[in-house]
Amino acid sequence: MIIKFELVKMPFKIKLFPISIEIFMIAMFTASVSGSDPINHSQYAQPDQSAPANELEKSLFEFIVNPWYPRSIDITYGGYISAFKYDWSLSERSQVKALVQQARHVWATSYIYETYPDKKEFLAYSVHGFRFLRDAMWDKEYGGFHAFCKRDGAPDTESINDKRIYGQAFAVYGLSQYYKMSNDPEALQLAEKTFYWMEENAHDHKNGGYYEFLKRDGTPVPAGDTNNTGRSNSPGTGLKEYNSSIHLMEAFTELYRVWPDSLVRARLEEMFFLIRDTFVHPDGYLQLYFYPDWTLVPDENMEEMSAGNHRFTQHFTYGHDVETAYLLIETAHVLGFGDDRKTDAIAKRFVDHSLESGWDEKAGGFFDAGRERHGEVMIINNHKAWWGQIEGMNALLIMHLLYPDDPNDYYGKFLKSWDHIDTYLIDKEFGGWFNFGLDTNPESRYGDKSHVWKTTYHNARGMVNCIKLLRNE
């Protein structure tokens, strides 16, 4: 069942925050049942792959697109509602909005509109989110985007001094995709302004790369100072780390598509080669934390700083590894590197290493994290996060297309990965995806369906990518 929404132009202004903004398009949620299906691309399908493509597309709309939209559109305060419980009732955690989540929604709604242009309401949803970014989350005093704000767009005092380059990257990512679909010059101007703000404040002009934790005025937070990281309290201050770096590359890739500026290309190439040739260990996994001069932080130093949280240690993070395989191939393509065998081979090593030590042979899917001790890999977190599973499924299908005769049988594992997702991650009762696969984390059934770190960005992108690859588009 596909839900359609009538678009109505509103002739009045709504005061969403201290600044009045005019919403030129609001989706009026008068739903009507339609028997129409998503756009049919099956004429492009290879015969043996049309069935899984159709199955993925049906699931995309039934369990991702329709449960999230328009439910997530905050028609009272602007932007997107940040938190829903397992049954999609409003969560008490919805009173705070995060830059990362808001920007990802802008990207996802624009991307859905790009892929399915008959879904014109999704352009309205992305307009709605763009205006919240512009009017509520941009810091008009110091520049850059606030990491968090209240639901109504008011400043969040707990995080007012907290700016993360990770969030700025996703703002650029969302703004770039939104501009591509809307041609709104304000969106490109804001993306450019954000890029230059990062260039001035967070970029290391001596050693390359970017600092992750910044004060409100853009000053990098000194190493060891955890008093200036607000809601994002972390021992990683003063370091350069993997997660923000891969998403900076991702964001600059999207920006370069719509703004082929020479400095953007220079920073995109810089991040590409740092990730491919510095972050990547020869065995095929991301090395996670570096000092500013790109000396790897020793494991024992990270142990001391981590306070028992494995995320801040040197470990195997399988979801990020398979995601980086895809992002490196995408960036090489956008940079025009052509038949880039070196990057393809590195991406393959990422996937192979993840299969060797992080793949669940019994049920399918990638575990969250592992560590090597005395020559053996121990799984230190057996959760299977929604985002890691879809990134893995996408990477496996890409590997199948690049290496169809490989003994790893990437296509067989792609199908097993999808079966795991469909069986253990998709909520067939309430819609949406669980945070973690129920096979290793059954209590995830009652976890929030939406929170500040979870949107439709990973699974909508991964599902669409796989549908297109299966249909040879």
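The values are calculated or read from the model by the stated rules, or taken from the named source; none is laboratory data. Quantities reported herein were computed from a predicted structural model and do not represent experimental measurements. Methodologically, a virtual Cβ is constructed for each residue, glycine included, from the backbone with ideal geometry; neighbour enumeration extends over all protein chains shown. Accessible surface areas use protein heavy atoms only, side chains included; no ligands, DNA or RNA. Shrake-Rupley method; radii C 1.70, N 1.55, O 1.52, S 1.80 Å.
Here are the numbers for this structure:
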{"item": "Nitroxide proxy distance, nm - points 7 Å out along Cα→Cβ at Lys193 and Ala223", "result": "3.5"}
{"item": "Global geometry of the chain, whether rounded, prolate or oblate, following the gyration tensor of its Cα atoms and the 1.5 cut on a/c", "result": "rounded"}
{"item": "Positive-end extreme of charge dipole, the chain - chosen from Val280, Gly462, Ala187 (charges on Cβ)", "result": "Ala187"}
{"item": "At R0 = 60 Å, FRET efficiency that the Cβ-Cβ distance of Thr157 and Asp405 yields, to 0.05", "result": "0.55"}
{"item": "Between the range 85-121 and the range 390-460, the alpha-carbon center distance in angstrom", "result": "19"}
{"item": "Sites Met378 and Leu296, calculated FRET efficiency, Cβ-Cβ separation with R0 22 Å, nearest 0.05", "result": "0.60"}
{"item": "Charge dipole (debye, nearest 20) of the chain; +1 at Cβ of Lys and Arg, -1 at Cβ of Asp and Glu", "result": "1460"}
{"item": "The range 343-473: relative contact order in percent, alpha carbon pairs under 8 Å with at least 6 residues between", "result": "22"}
{"item": "Net charge, Thr343 excluded, C-beta distance under 14 Å - Lys, Arg +1, Asp, Glu -1", "result": "-1"}
{"item": "Cα centre as origin, Lys/Arg/Asp/Glu Cβ charges: the range 358-473 dipole, Debye", "result": "300"}
{"item": "Rounded, prolate or oblate (a/c below 1.5 giving rounded, otherwise prolate when a/b exceeds b/c) for the range 264-371 by Cα gyration tensor", "result": "oblate"}
{"item": "Computed accessible area, Asp368, all protein chains, 1.4 angstrom probe, square angstrom", "result": "40"}
{"item": "Residues of the range 163-286: accessible area per residue with a 1.4 Å probe, Å²", "result": "33"}
